[in-house]
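The values are calculated or read from the model by the stated rules, or taken from the named source; none is laboratory data. All of these numbers come straight from a predicted model, not from anything done at the bench. Cβ placement follows ideal geometry from the backbone for every residue including glycine, while neighbour counts extend to all protein chains displayed. Side chains are part of the model used for accessible areas, which takes the heavy atoms of the whole protein and leaves out ligands, DNA and RNA. Shrake-Rupley method; radii C 1.70, N 1.55, O 1.52, S 1.80 Å.
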Amino acid sequence: MATSPCSSSGVSSSSSSGLGADAGLEIRTRSVEQTLVPLVSQITTLINHKDKPKRSDKTLQAIQRVGQAVNLAVGRFVTVGEAIANENHELKEEMSVACIEARRAGETIAQLTDVASLDHPESDSHITIFTDKTGVVKAARLLLSSVTKVLVLADRIVIKQIITSRNKVLATMEQLEKVSSFQEFVQIFSQFGNEMVEFAHLTGDRQNDLKDEKKKARMAASRAVLEKCTMMLLTASKTCLRHPDCESARINKDGVFHRMRLALEQVIEIVTDSRPNGENEMAPISIYSGIKEFKNKVEGLRENLYFLSKENLSTMLEVILEHTEDFTDSAYTSHEHREHILELSKQAKMELEQLVSVWMQAQNQKTKDVMEDLEVAILKTCQCMNELKREVHSAATSLAADLLKYHTDHLVLKALKITGVEGNLEAVAEYTCKLSEQKEQLVEMCRLLRHVSGTEPLEITCIHAEDTFQVTGPQIISAAETLALHPSSKIAKENLEVFCEAWESQLSDMSMLLREINDVFEGRRGEKRVYLSLPRPGKHNANLKALKPVKLDTEEQAKIAKLGLELHLLTSDVDSETEKWEDQENEIVQHGQGMSSMAYSMYLFTRGEGLLKTTQDLFHQAEIFATEGTKLASALHTFSDQVRDDDKPLLLLEAEKLISMCKQLQITAKASVQGKSATFTKVDACILKTRNVMSLLCQLLPLCCKLLRKNKAGNGYLKPAPPWRENRIQTGTNAHTPERRAGTFGIKSLENHVTNMTFLESK
């Protein structure tokens, strides 16, 4: 598919003063959005001051400072934009126009805010922000629009870079498919490896920069396929070269190449926001999302009796009940669960009939009795849907738990390896039938889990898992058949091992997925964010070979197991403490949950499991963990300002301890090391320091919770203060900025010039 680096970003956000950039631009990445935050804040400050009656010298000087700061920052910003335009001729014309507009708007704002030296800034003899009130609004709109345009154009260059990298990978793959000698293969595969590393870094940055969680999950799934398939491609190709006349070896290799091409295509679809032949993406609706939407419509009847028809509501329920047939028709659903689901489905129809009857009555006469009957019908309908949701969740998760436990010993895979080496074709055929049965069970498990996953990202993860089992099962079979035909072949044996490892890895990932689905259902962690990204190479693609990923071997895992277990226990303690808070949106709770989630990923690394695959991943995770800890310390300081109690010094002391420990962890994580022994020492130090931070967190959370509860009891512990959400907006405009952005080709340097502007402090 021919793909163009189409516009990836634009502005549909606006400030409270009614400012908005070009409506045709839509921002899709966090880096572009966050770059605009300080600029919008500065301009909003100016707009809000133009109508204020009190204009002290201090205010006038502050307004002038802001105007000058905006103009200077825009000047530096435009200089970088022009340099990018000169390096990318296809965007030069558009970029130049946007830069000229931005420079002109910045100069206009500087002129209009040049008020500090005037005796009468309101005088018509000098046009200022106070005399030309519409002029500053026009200049502000032009500035936001042009700056956004520059950022969007710079972002297109990042997209173009990803497409170029994909094209290089595809071209090299075509060469690999056609090679006929080992020597030629080794040479080309070395080049392919470097190109895949570059593509992984570029797409990893893009994944973390995407605002849309659904796209982020799809990108993660595609990148996981590419990562696993790279090793499969190596062994499958070598097997095919060693046994060129073997049909099963060829089928095995072709399957890997086909899957990699599909994954590469999906990455480009996500990055360019396009679909082949312009078709729309039709995601299957899950039972959870269907029930959620249905309940929202039913509860909406309290506010408006006429906003939808009874036919719409009936159709929505029919669709939900059709999906429950995936459970009732499944051979793997227990008799008890099947009966309960059928019973609740029947009850749901009856409750809806009763609701519609009362609803129609309420439309004709809104008496107190009728409205009370309507409320009862709404409650009964929603309760029935909740019970249905609980039943399908129980059916899916209990099946998944049983299957994962049953297949944890990998007996069929072990038998295939043994019978393959023995060259026993009959036995291999018998065990491939058993693997096919196992595959069907696991595919069905994934389909049912998707219905109850609770969030779109987890739904996508279930779909990815289903695809993985569907594809990997036949690949294991073709690899086993090849080994059985060539039992003395070391490369055929190695190839089967690689595909079996992929299967085992996916089963391990399913255990984690099941835990996350249960967490969402029980409301423990909500839409849990994955704090993982590949380390980014240096600016403008510095030497990619400098980052050599390393895994812990079995002996090292054994050494660090005790420390990892301690970390695991602490994550459970922190989760337990956060669950005690009534306000799960509280900033302290959210930072605590984020740190616990990251620490759990680090614990899984010590077991050789989870999303952190290499030591480099772990070190990067430790850096982000430390940053999150520093943000928590900042939130604690804000909280302590409201405390009137003897506990305040203790709270501040603990916050300072947290800052110190996080700084030490960051220093350790960023330290450069060489050699296996030094790398393991660094891993050990990172886990140890993370454990210490989590231990401190276990003390901090109950302390803060106690202070909040005492305040609610009326003990006057807290001073009146703005809500937490307001504090977060005022004190942390970058609270949701991703730790790593798509920084190459201009975005990072452009954003630096904007974020260097200082905020006007109203006094």
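Annotations for the structure displayed:
Yes or no, residue by residue, for (1) out of contact with any strand residue (DSSP E or B) (no Cβ under 7 Å at 6 or more places or on another chain); (2) open to solvent by less than 50 Å² (accessible area, probe 1.4 Å); (3) over 30 Å from Cys500 (Cβ atoms):
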| position | (1), (2), (3) |
| --- | --- |
| Ala362 | yes, yes, yes |
| Lys389 | yes, no, yes |
| His393 | yes, yes, yes |
| Ala400 | yes, yes, no |
| Leu413 | yes, yes, no |
| Ile418 | yes, no, no |
| Gly423 | yes, yes, no |
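- Any hit, region 327-344, residues being outside any helix (DSSP H, G or I), under 24 Å from Val520 (Cβ atoms) and among the small types (Gly, Ala, Ser): yes
- Test: residue in region 379-387 that is out of contact with any strand residue (DSSP E or B) (no Cβ under 6 Å at 6 or more places or on another chain), surrounded by fewer than 18 Cβ atoms within 10 Å (Cβ to Cβ) and over 20 Å from Gly454 (Cβ atoms): yes
- Condition met for Thr203 (under 24 Å from Ile491 (Cα atoms), β-branched (Val, Ile, Thr) and part of a helix (DSSP H, G or I)): no
- No other residue among Glu504, Glu522 is outside the structural domain of Ala249 (by the TED database), acidic (Asp, Glu) and touching a helix residue (DSSP H, G or I) at 6+ places or on another chain (Cβ under 8 Å) apart from Glu504.
- Search result, residues across region 472-491 that are closer than 23 Å to Thr408 by Cβ and crowded, with 19+ Cβ neighbours inside 10 Å: Thr472, Gly473, Gln475, Ile476, Ile477, Ala479, Ala480
- Of the residues in region 259-282, none is touching a residue at least 24 places away in the same chain (Cβ under 8 Å), of a type in the set (Ser, Thr, Tyr), surrounded by fewer than 20 Cβ atoms within 10 Å (Cβ to Cβ) and over 30 Å from Val152 (Cβ atoms).
- Taking residues in region 458-479 that are among the charged types (D, E, K, R), and partners anywhere that are modelled with pLDDT of 95 or more and not in a helix (DSSP H, G or I), not one pair has Cβ atoms closer than 8 Å while being at least 6 places apart or on different chains.
- The set of residues from region 611-642 being outside any helix (DSSP H, G or I) and crowded, with 20+ Cβ neighbours inside 10 Å comprises just one member, Leu612.
- Comparison of Glu609, Glu587 shows that the only residue that is over 28 Å from Val225 (Cβ atoms) and not assigned by the TED database to the domain that holds Ala220 is Glu587.
- Output for region 666-701, where each listed residue is touching a residue at least 12 places away in the same chain (Cβ under 8 Å) and farther than 16 Å from Thr571 by Cβ: Gln666, Thr668, Ala669, Lys670, Lys676, Thr679, Phe680, Lys682, Val683, Asp684, Ala685
- Candidates Thr128, Thr134, Thr148 - the one that is in a helix (DSSP H, G or I) and either modelled with pLDDT of 80 or more or touching a helix residue (DSSP H, G or I) at 6+ places or on another chain (Cβ under 7 Å) (or both): Thr148
- Ala396 in the same structural domain as Asp329 (by the TED database) and modelled with pLDDT of 95 or more: yes
- Verdict on Lys168 being at negative phi, assigned by the TED database to the domain that holds Leu112 and assigned to a helix (DSSP H, G or I): no
Matching residues to (1) in a helix (DSSP H, G or I); (2) surrounded by fewer than 21 Cβ atoms within 10 Å (Cβ to Cβ); (3) not hydrophobic (A, V, I, L, M, F, W, C):
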site: Lys657; (1), (2), (3): yes, yes, yes
site: Leu665; (1), (2), (3): yes, no, no
site: Val693; (1), (2), (3): yes, no, no
site: Leu708; (1), (2), (3): yes, yes, no
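- Every condition in (1) open to solvent by 50 Å² or more (accessible area, probe 1.4 Å); (2) under 13 Å from Gly420 (Cα atoms); (3) free of Cβ contacts under 8 Å to residues at least 60 places away in the same chain holds for Glu494 except the one numbered (3).
- Residue under evaluation Asp245, criteria (1) out of contact with any helix residue (DSSP H, G or I) (no Cβ under 7 Å at 6 or more places or on another chain); (2) assigned to a helix (DSSP H, G or I); (3) more than 30 Å from Ala73 (Cα to Cα), criterion not met: (2)
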